[in-house]
Protein chains: 2
Amino acid sequence: MLNATHSPQLQSWVESANQPGCDFPIQNLPFGRFRRDEHEQARLGVAIGDQIVDLLACLGAGVLPELEPALVAACGSITLNPLLALGPAAWSSLRAALSQLLSSDSAVYQRNPQIGKRILVAQSEVQMLVPMEIGDYTDFYASVYHATNIGSMFRPDNPLLPNYKYVPIGYHGRASSIVASGQPVRRPHGQLKGPNDDQPTFQPCRLLDYELEVGMVVGPGNQLGQPIPLAEAEQHIFGLCLVNDWSARDIQAWEYQPLGPFLAKNFITTISPWIVTLEALEPFRCAAFERPADDPAPLDYLASAANEQHGGIDLTLEVYLASAQMREQGIEPVRLSRGSFRHMYWTIAQMLTHHASNGCPLQPGDLLASGTVSGPDKDARGCMMELTWRGAEPLELPTGETRRFLEDGDEVILRGSCSAPSAVSIGFGACRGTVLPAL
Amino acid sequence: MLNATHSPQLQSWVESANQPGCDFPIQNLPFGRFRRDEHEQARLGVAIGDQIVDLLACLGAGVLPELEPALVAACGSITLNPLLALGPAAWSSLRAALSQLLSSDSAVYQRNPQIGKRILVAQSEVQMLVPMEIGDYTDFYASVYHATNIGSMFRPDNPLLPNYKYVPIGYHGRASSIVASGQPVRRPHGQLKGPNDDQPTFQPCRLLDYELEVGMVVGPGNQLGQPIPLAEAEQHIFGLCLVNDWSARDIQAWEYQPLGPFLAKNFITTISPWIVTLEALEPFRCAAFERPADDPAPLDYLASAANEQHGGIDLTLEVYLASAQMREQGIEPVRLSRGSFRHMYWTIAQMLTHHASNGCPLQPGDLLASGTVSGPDKDARGCMMELTWRGAEPLELPTGETRRFLEDGDEVILRGSCSAPSAVSIGFGACRGTVLPAL
């Protein structure tokens, strides 16, 4: 439901938030965690323009006087987890309070036009951290385009496995190697075995790839043994971020049978620093993926009219790459792909409900990633493996360099943004990582 | 290295610890976490006979006066994690102090023969909890017998995949559904599809199974990007416990391709409440699995003479089952299998080193499970799937009941114990769970 916080008329007294094309207008208000230097205790913040609203400073300044005690405690916490546990009504009331505080007609601002000096900090001056303690990380495989592309490289006659259109396929990832945007990505070692090799050798990965994904941050969650019905699923999703599921394709090919990817994926996963709330995404909701007529309907526990009509999110996703040579020559990052999250075969609600359908407990701060977001068009493929068709069709960069997979020094930048006719556009900020040579 | 804490001559003033067949003689001293009732804050304890040494009470009574401050803090903590982070030298000095405190010639006991009233609590009076906060849980597949048995059911011509003898195969499990022994096991719902079904249906699992595994509790661990050499691996393993990796075979069969098991496993995992330290296991170390002559040698990063000679653990593992009918008739649990952890294809050090070989950070409290422990003999098969050969050879219980898989009301009990000619035998305590009907 749209409310006053979504109004396109709203402007902020933080001038940078009103600039066209800004990722963080007052209609967005995504949550993150930061510190000014390594010795400072982490604190929570909300992005506005090129600034951050420091929530601890807001409490100190008394500019959020209407919050209930649990929200006050959550705002003063060092991770997002206590806020995540409170659920949608609390999230919404905090959003409303922040929207009021930051709007051009804010009573606080009108009483004290210098209030920004007390509660704002420039985004350029802080280090962003992973916003929450992530208990468990799950990675889905929800793009039928990605699954079909990858499948057709390995099984040309039978690209999509028979379970795909019934089961929102997912597997567990590694929480301990999730890092915030900007942290460098060390090329991992691993066992590699080419088709003509007698035996594997342990050496640096050669086929390093990125994967463009969307992450869901779990809210209250469920008790062990208690499923979450589809109708309630979105009450357990605080918001979304971008995820780069860095992948070592050669390690993956050799290790993944029969239990799935392991060391090919768990050396690092990068997430964007701002969690864009589901409430902020409300103007950009759309119908779920329209299944072709001969596809099976989802089983009952994954089906509802509301999900079908409103379960999708029209979130535009882009990948950029800058090689070391490009940076040296002052060339801007080049766009590799552009797609939309609306093309996912399964909605965020379906993924969450499926995950809890056996009683598996989801907890505040858990991260569920969507799997690589690829779309129907060739330029909407969300990883290099697909874009270069396993290296067969190399990409050319503006410097004349070519890429089959990532080289040392390459920076990968994921971006996400939402636009709709009667809404102010919002963005996710960047999710960045630069490849370092193997140790 | 054996030291004074291993001496077979050692006896304890806690009489129950000196009984033959006791799991917890003074040579064991495993760590756990407990509370007397639901309102009490959890605390750490060490099993001795049928009692628990309450570490917080020991600090209060001043009976561990020689500990360094970090160890004092760790003993007073509400989880095992701070102790795990301290590493082997600290673990060893705490063990030595506890061994002295509890030995028959303890100076503390001789000064005050009533000291037990202050620092002991009966195991029968407490609730045991999962001892540590588990950041990430990994499950390996390290028994070549299990892998071959399972593989031959699905691929009779090619039971063992080509990577098996090179890669300690593992995958990520779910940390949030790990529970302590005794918690009931709700039969999960999931998508099932028989070979003759047109499409899957969502219903209670029919082919519920247990898996007998051994868990390794991670100590200090490594930083992101930094591998752990094989020679240092055991410095990062605090100790072992028993793990029941409950499995829904029918959900697994339909969901597991291509990314591995997910909802078939993450509805619950039970661990035994006591972590038996590697130091306590020292008298029971043995050679690693002897690879057949035509098996490849492990790659260099997984090979060392020390690992080959001393990397195994002769830990006897047993599974018992009691049906509801057996309990009603007063019939003791029946043993389903008996094997040894020494038959694992990969050692605990190899599993840990492989896991960190790509720089994946392991953290204090992480749990690495071995995968189902099956041995060369038919009665050493560690799950029902293998014992009944996928249901084809049902087991008969003393009541005349038969089992292809687990029925509601069945209690599964895992036990582990170590014996050696010149050592006092030690045990792991029981890992129990009873199946409840689906919701």
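The numbers here are math on the coordinates, done by the rules we state, and not lab data. All figures in this text were calculated on a predicted structure; none of them were measured in a lab. No Cβ is skipped: glycine too gets one built from the backbone with ideal geometry, and neighbour counts run over all protein chains shown.
Does the range B:16-104 come out rounded, prolate or oblate by the C-alpha gyration tensor, with a ≥ b ≥ c the root eigenvalues, rounded set by a/c under 1.5 and, if not, prolate when a/b is larger than b/c and oblate if not? It comes out oblate by the Cα gyration axes. The distance separating the Cα centre of the range B:299-325 from that of the range A:275-351 comes to 45 Å. Modelled label positions at B:ASP157 and B:ILE78, each set 7 Å beyond Cα in the direction of Cβ, lie 5.9 nm from each other. For the protein assembly as shown, DSSP calls about 90 percent of its internal beta bridges antiparallel. Once both axes come from the Cα atoms, what is the angle between helix B:144-154 and the longest principal axis of chain B, in degrees from 0 to 90, rounded to 10? So the inclination is approximately 20 degrees.
Kindly give Rg over Rh for the range A:232-385, based on alpha-carbon atoms, with the Kirkwood expression for the hydrodynamic radius.
Result: Rg/Rh = 0.99.
Exposure proxy ranking for B:HIS343, A:HIS146, A:HIS39, based on other Cβ atoms within 10 angstrom of each Cβ and starting from the fewest, stands as A:HIS39, B:HIS343, A:HIS146. Here each label is just a point 7 Å from Cα along the line to Cβ, and for A:LEU436 and A:GLN257 those points are 3.5 nm apart. Distance from the Cα centroid of the range A:170-204 to that of the range B:396-439 is 38 Å (rounded to whole angstrom). Label separation (B:GLN183 vs B:GLN223): 3.4 nm, computed from points 7 Å beyond Cα along the C-beta direction.
Multiplying the residue separation of A:SER104 and A:ALA70 by 0.36 nm and subtracting their alpha-carbon distance yields 9.5 nm.
R0 = 60 Å: FRET efficiency of A:ASP294 with A:GLN114, Cβ-based, nearest 0.05? Between A:ASP294 and A:GLN114 the formula returns 0.40.
Of all beta bridges DSSP finds with both residues in chain B, what is the antiparallel percent, to the nearest 5? Close to 90 percent. For A:LYS378, a cut-off of 16 angstrom between C-alpha atoms picks up these aspartates and glutamates, skipping any fewer than 8 places away in its own chain: A:GLU211, A:GLU318, A:GLU386, A:GLU393, A:GLU396. A P(r) calculated from all alpha carbon pairs of the protein assembly as shown, with 10 Å bins opening at zero, reads 2, 12, 21, 24, 20, 13, 6, 1, 0 percent. Between A:THR402 and A:GLU15, the FRET efficiency from the beta-carbon distance, with R0 = 56 Å, is close to 0.80. In percent, rounded to a whole number, the relative contact order of chain A is 21, using alpha-carbon pairs under 8 Å and six or more apart.
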